[in-house]
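Asks: For reference, the structure I am asking about is given below.
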C-alpha cells in the first residue's frame with residue numbers, strides 16, 4: 001500500500017548537520033527531525049518521487065524569507081509615500097480643466113482600488129494615460145497589503161524581466177527560484193504593463209507568469225497605458241474575463257501636467273473665447289428682420305480651359321423672417337440636444353452665422369452638468385493624430401485614435417470640403433465618424449458647406465445624415481454676425 005507520509009530526507013545526515021550547524025528545521029519536528037526538508041515515501045513514477053519539499057515546521061520562516069525577497073525586489077521603500085490617504089480623488093487642484101465626469105471616474109477608481117486592497121480577490125486592471133493616478137493607486141494597494149503582512153511584489157514589467165535575466169548570473173539565487181517567487185507571490189502588482197521589450201523570450205516568460213496566476217486564481221493588479229487591443233492576444237484573452245477581472249479605465253488628465261486640458265487634451269472648450277459661448281449669451285437676431293447685409297460667398301467656376309477655380313462673390317441681401325427662423329430652429333435643436341444628447345446634430349451655414357456658438361454652448365452645458373465634451377476643429381484634430389508619428393511622441397496612434405472616437409460627446413467644428421486634407425486624413429476622419437455612428441455616440445458637426453456640396457464631398461457620410469431617426473441637419477441662412485449693415489449705418493455684432 002502506498003504511503004504518502006513524509007519522512008525525513010536523510011536521517012543519517014541529519015545528525016551530521018546538527019553537529020556542525022544550526023538545524024534548518026525544528027529539532028523536535030516529528031516529520032523532519034530538524035533537517036528542514038522531507039521526501040515522500042511514494043513509488044517510482046509518482047510526481048513527488050525523489051523530490052525534497054520544505055517541511056511544515058519551516059513554513060513561517062520560509063514565508064517570511066519570501067516576503068523579504070519580494071519586498072527587496074519591489075523597491076517599495078521609495079514608494080512608501082504613495083498611500084490611499086494622500087491620493088487626490090478630485091485630481092490635481094492646479095489642473096487647468098477637469099470635468100465632473102473625470103472627477104467622478106477618478107473617485108470610482110479610488111473606491112474600487114481601496115476595496116480591492118482590503119479584500120484582494122480576483123484581478124484588477126487599471127488602464128489610463130500617463131499621470132492619471134494608476135501607479136499611485138497600485139502602490140497604495142501594495143503598501144496596504146505589505147502592512148497587513150501579505151507577501152507582495154510591486155514591480156514594473158521591464159524591471160521584472162530584468163530581474164529574471166540577472167538571476168542567471170546571481171550567486172545568491174537561481175532563475176528557477178526567482179521565477180517561482182514571482183509567479184507564486186501572495187499579491188503580484190505589475191506596473192507599466194506594455195512598456196517592456198517584447199522579445200520572444202520576454203513575451204513568453206510574461207505569459208507564463210500571468211497564465212500561472214490566472215489558472216491558480218492568485219490576486220493580481222496590472223496597470224497599463226495600452227488599450228486591450230494592443231496587448232498580446234493570449235494575455236488579452238485572460239484580461240477580458242469579466243467574471244474574474246475588474247477593468248477600470250481612468251479618464252483623469254495628467255497630474256504632472258496640470259496646465260493641459262482634459263483628456264485627450266485638445267478641447268477648445270477650455271479657451272476663454274469658447275467659455276463665453278453659452279445659450280445665455282446667444283443672440284437670436286430677431287431685430288435684424290428687414291435689414292440689409294453684405295455677404296461674401298466662395299463660389300466654384302470653370303475657366304475657359306475647363307479648370308475649376310474658386311472665386312469670391314459679394315452679395316447684398318435683406319434678412320427675412322424665414323432667415324431668422326432657421327437660426328431659431330438651430331437654437332432650439334441645440335437646446336434639446338444639450339438636455340439629452342442622442343444621435344447626431346449638424347449645423348450648416350456661412351462663417352460667423354452662429355454654428356460654432358451653438359456647438360460650444362452644447363459642450364459648455366454638458367460640462368456644467370458634470371459631463372464630458374470635446375470640441376475641436378477638424379484640421380486640429382487631424383494634426384493631433386499625426387503627432388503620434390513623431391519620434392518624441394509618448395503615446396501611440398491607436399491610443400489617441402481610440403480616445404477620440406470613443407469620447408462621450410464629440411463636437412467637430414469646421415468640416416471642410418473633400419480634398420482640403422490628404423487622403424489619409426480624410427480616411428481617418430471617416431473612420432472616427434463611422435465608428436461613432438455605428439456605436440450611437442452623440443456627435444455634433446459644423447460646416448460652411450452647403451447641403452449639395454456636403455453630399456458631393458462626403459457621400460457615404462451624407463447618406464447617414466439623411467436618416468431622420470438618428471440625425472438632424474440644420475441649415476442656418478443668416479449673414480455673419482460681424483458684418484451686419486443696418487441702412488447706411490454699420491454696426492459690428494459679437495459672434
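Asks: Would you pick out the residues in the stretch 375-405 that are under 30 Å from residue 279 (Cα atoms) and either surrounded by 15 or more Cβ atoms within 10 Å (Cβ to Cβ) or at pLDDT below 85 (or both)?
Replies: 375, 376, 377, 378, 379, 381, 382, 384, 403, 404, 405
Asks: Here is a list of conditions, (1) closer than 20 Å to residue 249 by Cα; (2) surrounded by fewer than 17 Cβ atoms within 10 Å (Cβ to Cβ); (3) touching a helix residue (DSSP H, G or I) at 6+ places or on another chain (Cβ under 6 Å), and residue 137 meets all of them except one; can you say which number that is?
Replies: In the conditions (1) closer than 20 Å to residue 249 by Cα; (2) surrounded by fewer than 17 Cβ atoms within 10 Å (Cβ to Cβ); (3) touching a helix residue (DSSP H, G or I) at 6+ places or on another chain (Cβ under 6 Å), residue 137 misses (2) alone.
Asks: Next question. Checking the conditions here, which among 245, 276 is under 30 Å from residue 125 (Cβ atoms) and modelled with pLDDT of 90 or more? Break it down stepwise before answering.
Replies: Numbers: 276 fails: under 30 Å from residue 125 (Cβ atoms).
Among 245, 276, only 245 is under 30 Å from residue 125 (Cβ atoms) and modelled with pLDDT of 90 or more.
Asks: Of (1) modelled with pLDDT under 90; (2) under 19 Å from the mean Cα position of the chain (by Cα); (3) not in a loop (DSSP other than H, G, I, E, B), residue 408 satisfies all except one. Which?
Replies: Looking at each condition in turn, residue 408 falls short on (3).
Asks: Just one of (1) buried (at least 20 other Cβ atoms within 10 Å of the Cβ); (2) touching a residue at least 40 places away in the same chain (Cβ under 8 Å) trips up residue 163, so point out which.
Replies: Among (1) buried (at least 20 other Cβ atoms within 10 Å of the Cβ); (2) touching a residue at least 40 places away in the same chain (Cβ under 8 Å), the lone unmet condition for residue 163 is (1).
Asks: Name the residues in the stretch 337-387 that are farther than 20 Å from residue 447 by Cα and assigned to a helix (DSSP H, G or I), would you?
Replies: 339, 365, 366, 367, 368, 385, 386, 387
Asks: Read through the list (1) at pLDDT below 90; (2) touching a helix residue (DSSP H, G or I) at 6+ places or on another chain (Cβ under 8 Å); (3) not in a helix (DSSP H, G or I), then give the number of the only condition that residue 283 fails.
Replies: (1)
Asks: Checking residue 372 against (1) surrounded by 15 or more Cβ atoms within 10 Å (Cβ to Cβ); (2) under 20 Å from residue 415 (Cα atoms), which single condition isn't satisfied?
Replies: If we test residue 372 against (1) surrounded by 15 or more Cβ atoms within 10 Å (Cβ to Cβ); (2) under 20 Å from residue 415 (Cα atoms), just (2) comes out false.
Asks: Out of (1) within 24 Å of residue 271 (Cα to Cα); (2) surrounded by 21 or more Cβ atoms within 10 Å (Cβ to Cβ); (3) at pLDDT 90 or above, the odd one out for residue 327 is which?
Replies: All conditions are met except number (1).
Asks: Continuing with this model, one more query. Within the stretch 440-470, can you find the residues that are surrounded by 17 or more Cβ atoms within 10 Å (Cβ to Cβ) and in contact (Cβ under 8 Å) with a residue 40 or more places away in the chain?
Replies: Selection gives 442, 443, 444, 445, 446, 447, 448, 449, 454, 457, 458, 465.
Asks: Still on this structure, please answer the following. What number of residues in the stretch 63-87 are part of a loop (DSSP other than H, G, I, E, B) and either at pLDDT below 75 or exposed (fewer than 14 other Cβ atoms within 10 Å of the Cβ) (or both)? If you could, list the steps in order and put the result at the bottom.
Replies: Start the filter on the stretch 63-87 by keeping residues that are part of a loop (DSSP other than H, G, I, E, B), which leaves 75, 80-87.
Right, trim to either at pLDDT below 75 or exposed (fewer than 14 other Cβ atoms within 10 Å of the Cβ) (or both) and you get 75, 80-81, 85-86.
Matching residues across the stretch 63-87 total 5.
Asks: I would also like to ask the following. Among the residues of the stretch 100-116, is any more than 30 Å from residue 212 (Cα to Cα), in the same structural domain as residue 180 (by TED's automatic domain parsing), at pLDDT 85 or above and touching a strand residue (DSSP E or B) at 6+ places or on another chain (Cβ under 7 Å)?
Replies: yes
The values are calculated or read from the model by the stated rules, or taken from the named source; none is laboratory data. Values in this document were obtained by computation on a predicted structure and should not be read as measured data. Quick reminder, even Gly has a Cβ in these numbers, built from the backbone with ideal geometry, and neighbours come from all protein chains shown.
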